[in-house]
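Only one structure is covered here, and it is reproduced in the block below.
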Amino acid sequence: NAMGGREVGGLANQLAAHLDIENEAHQQLVQRFWQSPTIAKKAGCNAIDMFDEIAKGKIKAIWVMATNPMVSLPNNAAIQHALEQCELVVVSDCIAKSDTLKFADVAFPSTGWGEKNGTVTNSERRISRQRPLVEPFSGAKNDWQIMCLVAQKMGFEGFDFTDPSGIFEEWAQLTDFEN
């Protein structure tokens, strides 16, 4: 979910564990924890600015996950223009047809809320266990599984999780790292 995505570093303006992306000590801490040779030093674009940068040709690829910016963002004509000229549009969603999916060069079927196994973070940042109510549709994978498979195919290390508990454990270790 969106709040959980923020906690693990899914926003362009903060590091995982709600650490400040422009704080050098926070950058170094996360870099040491992940044993990463490099890390972002400044905030990236917010969602609206990102589509402006796509339209200008400065961003060449976008991965839209579990959202429909053609509907959820303002000025859908500008969003459509950006998606039409983006060199690579990847969409992973549990919805088989959406306004954004029409622009996808690559589409990954992902699980929906009632099919997911893991945790959910509410707006109070309270983490609750989530268990699936139904089996996923054939071919659908959890977002974390899709990201891990793509990262592995691209040659990245550290994406060898076999279940959501491993991801939660890593996040919990980061929140406690060097505290």
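Brief remarks follow.
- Within segment 62-77, residues that are within 13 Å of Asp93 (Cβ to Cβ) reach partners that are assigned to a helix (DSSP H, G or I) and of a type in the set (A, V, I, L, M, F, W, C) with beta carbons closer than 6 Å, at six or more positions or on different chains, in the pairs Pro69/Ile79; Met70/Ile79.
- A Cβ distance below 9 Å, combined with a sequence gap of six or more or placement on separate chains, defines the contacts here; from segment 113-133, residues that are part of a loop (DSSP other than H, G, I, E, B) reach residues that are among the acidic types (Asp, Glu) in the pairs Lys116/Asp143; Asn117/Asp163; Arg125/Glu7; Pro132/Glu115; Leu133/Glu115.
- For segment 55-77, the count of residues that are crowded, with 16+ Cβ neighbours inside 10 Å and over 23 Å from Ser110 (Cβ atoms) is at least one.
- Among the residues of segment 82-139, those that are buried (at least 18 other Cβ atoms within 10 Å of the Cβ) and in contact with a Cys (Cβ under 7 Å, 6 or more places away or on another chain) comprise Ser110, Thr111.
- Residues of segment 5-29 satisfying the condition of being assigned to a helix (DSSP H, G or I), at pLDDT below 95 and surrounded by 15 or more Cβ atoms within 10 Å (Cβ to Cβ): Arg6, Glu7, Ala16, Ala17
The values are calculated or read from the model by the stated rules, or taken from the named source; none is laboratory data. The model shown is predicted, which means the values in this text are computed figures rather than measured ones. Don't worry about glycine lacking a Cβ; one is built from the backbone with ideal geometry, like all the others, and counts go over all protein chains shown.
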